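Encoded as structure tokens, the structure appears first; notes follow it.
The values are calculated or read from the model by the stated rules, or taken from the named source; none is laboratory data. Keep in mind the model is a prediction, meaning the values are calculated, not measured. Cβ placement follows ideal geometry from the backbone for every residue including glycine, while neighbour counts extend to all protein chains displayed. Note: areas computed on protein heavy atoms with side chains; ligands, DNA, RNA excluded. Shrake-Rupley method; radii C 1.70, N 1.55, O 1.52, S 1.80 Å.
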Amino acid sequence: MTTTTAGTEASDTARTVFLLAHTGRPAAIRSAELVVQGLLRSGIGVRVLAAEAADLPLPPSVELVAEASPDVLDGCELLVVLGGDGTLLRGAEFARASGVPMLGVNLGRVGFLAEAERDDLDKVVDRVVTCAYEVEERMTLDVIVHNNGTVVHTDWALNEAAVQKVSPERMLEVVLEIDGRPVTGFGCDGIVCATPTGSTAYAFSAGGPVVWPEVEALLMVPISAHALFAKPLVTSPDSVLAVEVQPHTPHGVLWCDGRRTVELPAGARVEVRRGAVPVRLARLHHASFTDRLVAKFALPVAGWRGAPN
């Protein structure tokens, strides 16, 4: 995980921020209105997708773009995302494609990718205006699907790539492989391959460990495996993880960040490795990940007296 200051992110002239919001939430609509007003008052331009603009109370000076193409953030210094985890992962797709840092404001429940909460909107605007934020890079995953030796699909993920069963009445039979060597095979509901960022998402729900984001590693977490050896595995960030769907099993499905999916026929092979392109996140706080973990999961820490002298 690499961290830089925001000094090189913004120019003194023609500053523009891209705004992405979950327009299906009334709270997001009001929050978007407040953010837009604050940025425009400070002389910072705002760009919004035209499809979302119809649901937002925006002044005429806001720039509208018709297509969600890879170059939609060209000329923007920052991507501000208002919403829950799903909206933040949608924003991560824009951030990865453009290289523009993403600043998330959580309007959902947990929001580990978010840097601020709904009550922090004034602070968010102030930090954006004064460039008082840092940028860190988060590891991603590159995902390749093979079938009969041919690459049939490529994808990526910030949180996880999950191989899952489709048929509720039958398990998915898989063999796991790390760095070209088989590890074990079993029947299961699926396998989650995750980054440290994704360790608090689906992998956590499947029983995987919480990994601090500055740790460079890859995770492989079985889901409801029918086997004696079915523990989560943590590997080198340079490892190549593979899940082979056995020929005699029903077909499965691959989900990347719970947003993009492709069917996996029996015999398919999914390879997961460290992504070539990271996602850049804007950070406002220097609070430790430990404090973030306690706050997001509302962990009981009453009675703590502090570290011994």
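Table for the structure above
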{"quantity": "Segment 59-177, relative contact order [Cα under 8 Å, separation at least 6], %", "calculated": "15 percent"}
{"quantity": "Helical mean residue ellipticity (222 nm; -39500 (n - 2.57) per DSSP H run of 4+; nearest 500) of the chain", "calculated": "-5000 deg cm²/dmol"}
{"quantity": "Heavy atoms of S69: accessible area, 1.4 Å probe, square angstrom to 10", "calculated": "40 Å²"}
{"quantity": "Sites A68 and V151, calculated FRET efficiency, Cβ-Cβ separation with R0 22 Å, nearest 0.05", "calculated": "0.30"}
{"quantity": "Where labels lie 7 Å past Cα in the beta-carbon direction, separation of V183 and E137 in nm", "calculated": "2.6 nm"}
{"quantity": "Between helix 26-41 and the chain: long-axis angle, C-alpha atoms, 0 to 90°, nearest 10", "calculated": "50 degrees"}
{"quantity": "Gain on full stretching of the segment that runs from K231 to V175 - 0.36 nm per residue minus C-alpha separation", "calculated": "18.8 nm"}
{"quantity": "Label-point separation in nm, Q246 to A54, each point 7 Å along Cα→Cβ", "calculated": "5.0 nm"}
{"quantity": "Average accessible surface area per residue within segment 219-309, 1.4 Å rolling probe, Å²", "calculated": "56 Å²"}
{"quantity": "The chain: relative contact order as a whole-number percent, Cα under 8 Å and 6+ apart", "calculated": "18 percent"}
{"quantity": "For segment 13-158, accessible area per residue (1.4 Å probe, heavy atoms of protein chains only), Å²", "calculated": "41 Å²"}
{"quantity": "Using alpha-carbon coordinates, inclination of helix 85-98 to the longest axis of the chain, degrees", "calculated": "80 degrees"}
{"quantity": "Apportionment of accessible area to carbon and sulfur, the chain, percent (1.4 Å)", "calculated": "52 percent"}
{"quantity": "Residues of type lysines that K123 reaches as a straight line, Cα spacing below 23 Å, ignoring anything fewer than 8 places off in the same chain", "calculated": "K296"}
{"quantity": "Dipole in debye (nearest 20) - segment 169-221, about Cα centre, beta carbon charges: Lys, Arg +1; Asp, Glu -1", "calculated": "60 debye"}
